[in-house]
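Any read-out appearing in this document is the output of simple, stated calculations on the displayed coordinates, not a laboratory observation. This is a predicted model, so every value here is computed, not measured. Here the Cβ positions follow ideal geometry from the backbone for every residue, glycine too, while neighbour counts run over all protein chains shown.
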Amino acid sequence: MPPLTLAIETSCDETAVALLRGHDALLVSEVASQIDRHRATGGVVPEVASREHLGALPALLPQVLAAAGVSWGEIDAVAATRGPGLASSLMVGAAAAKGLALGLGRPFYGVNHLEGHLLSPFFGPAGGHVRPSVGLVVSGGHTLLVEIAAVGRYRRLGGTLDDAAGEAFDKVGKLLCLPYPGGPEIDRLARAGGDPRRFDLPRGMTGSGDFDFSFSGLKTAVRYLLPKLATAAPGGTPLPLADLCASFQQAVVEVLVKKTLVAARATRREVVAVSGGVSLNTQLRGDFTRACAAHGLELLLASPALCTDNAAMIAFVAAMHRAAGLPPTPLAADIDPNLRLPFLVADAA
Ligand SMILES: Nc1ncnc2c1ncn2[C@@H]1O[C@H](COP(=O)(O)OP(=O)(O)OP(=O)(O)O)[C@@H](O)[C@H]1O
Ligand SMILES: [Mg+2]
């Protein structure tokens, strides 16, 4: 029988556990979200997130095993997110996974969270085989364009110089007094008949000739637009929220699609793989689908359950590393809140 991987993900505010058979049979994937806990503060308080992981994990682990009908002894490898993320959150999942690996006498895989997002479009319907491609990760903390040559062989093409795409969504959501996190709210309001051309907002770095991004100017433009709209409106007129959301979203998605397609052309890759929480965005999914079809590119979008944080993508990376003959992680290897993807430029050709 193919090996069974148990994976734990606690890089931020989701406590997630998954069991994966081989590299494609997901037995169970559970996510205990803390989002209600963090709404009151309008963002994640690391100390609170860490305590929530400590409370949730001991119950979630046996629950996942029971749901899959497997015993501890049947597990062949234990994986956990090693970074990047919040140190106090990463510590909880990694310590639990190491303890289990040690107790069960099984290898431990300390997985890079970004590699989890990056490879997630290849999981599931895409067949579980990582293919040469251009990968775009758009999450709460990262915006990253990567050339994927094979599992573990990546070349960084570009990334954000300031705010991540998801961070921009959340900050603009805050400016518009929307509930946290702002991304899904902006998506919902834009869908409710918002006019994406009503406000002409900046498209940062579109003509920069590289694959970097900048979203802080866009956020600032919204920030300065709001008082102008309030002054111009006769007393009591509500803000044109749907149009604001649609115009902001249009500006973000346009840049992401444009640069990703140029990257695919420059690297001669014919597959585009898009992942991370922002890849749940309705307009992003639609625009990428249309643009890739128009340019003869194959598009792999992470399935919705794998866009935001989950442990299935962590189990998938561990299983793919194992299958590719990459070594497990020594138990002495610490978590790394600033862990970067290993970019092996020379190997990526
Ligand atoms: N429909 C949507 N439209 C736009 N943004 C969205 C949507 N749904 C979720 N998001 C955004 O996705 C982000 C969360 O994604 P994810 O869980 O991948 O990020 P993270 O794990 O916090 O960050 P990282 O992976 O970089 O550490 C949030 O910023 C959220 O607003
Ligand atoms: Mg994430």
Would you mind checking region 111-139 for residues with the amide N under 20 Å from a putative spin-label position 7 Å along Cα→C-beta of R340? 111-119, 135-139
Region 189-264 and region 9-52 have their Cα centres apart by a whole-number Å value of 30 Å
With bins of 5 Å, the percent of all Cα-Cα pairs of region 247-349 per bin from 0 is 2, 9, 15, 19, 18, 17, 11, 5, 3, 0
Please report Rg (one decimal) and Dmax (integer) in Å for the Cα set of region 130-301. 16.5, 59
Sorted by Cβ neighbour density within 10 Å, fewest at the top, the residues I314, I148, I35, I8: I35, I148, I8, I314
Rounded to 10°, Cα long-axis angle of helix 87-104 versus longest principal axis of the chain: 20 degrees
In the chain, what % of DSSP beta bridges are antiparallel (nearest 5)? 60 percent
At a threshold of 8 angstrom on Cα-Cα distance, excluding pairs fewer than six apart, so keeping six or more, what relative contact order does region 130-301 reach in percent? 28 percent
Where the Cα pairs of region 51-96 fall when distances are cut into 5 Å bins, in %: 5, 19, 25, 24, 16, 9, 2
Angle, helix 165-175 long axis vs. longest principal axis of the chain, Cα atoms, 0 to 90°, nearest 10? 50 degrees
Among the trypsin sites (Lys or Arg not before Pro) within region 268-324, which fall in a DSSP loop and have no more than 10 other Cβ atoms within 10 Å of their own Cβ? R268
Gain upon complete extension [M1, R203; 0.36 nm per residue less C-alpha separation]: 67.6 nm
Within region 130-301, what is the number of lysine pairs with alpha carbons under 26 Å apart, leaving out pairs fewer than eight places apart on the same chain? 9
For S214, S33, S139, S279, ascending order of other Cβ atoms within 10 Å (fewest first) is S33, S214, S139, S279
Give the Rg/Rh ratio for region 193-272, taking Rg as the radius of gyration of the Cα atoms and Rh as the Kirkwood radius, to two decimals. 1.11
Counted charge near R82, where neighbours are those whose Cβ lies closer than 15 Å (Asp, Glu -1; Lys, Arg +1): -3
Out of every Cα-Cα pair in region 291-349, what percent are more than 15 Å apart? 74 percent
Sticking with the crude label model, points 7 Å out along Cα→Cβ, report the distance from L326 to K258 in nm, one decimal please. 3.3 nm
Please give the direction-averaged projected area of the C-alpha convex hull for region 145-243, in square nanometres with one decimal. 8.3 nm²
Cα-based equivalent ellipsoid of the chain: semi-axis lengths in Å, sorted from largest, via gyration tensor: 35, 24, 16
On the Cα set of region 24-132, report Rg and Dmax in Å, please. 15.3, 43
Tell me, how many Å apart are the Cα centres for region 110-150 and for region 316-341? 15 Å
Computed, not fitted: 222 nm per-residue ellipticity of the chain from DSSP H runs ≥ 4 (each -39500 (n - 2.57)), nearest 500, equal to -13500 deg cm²/dmol
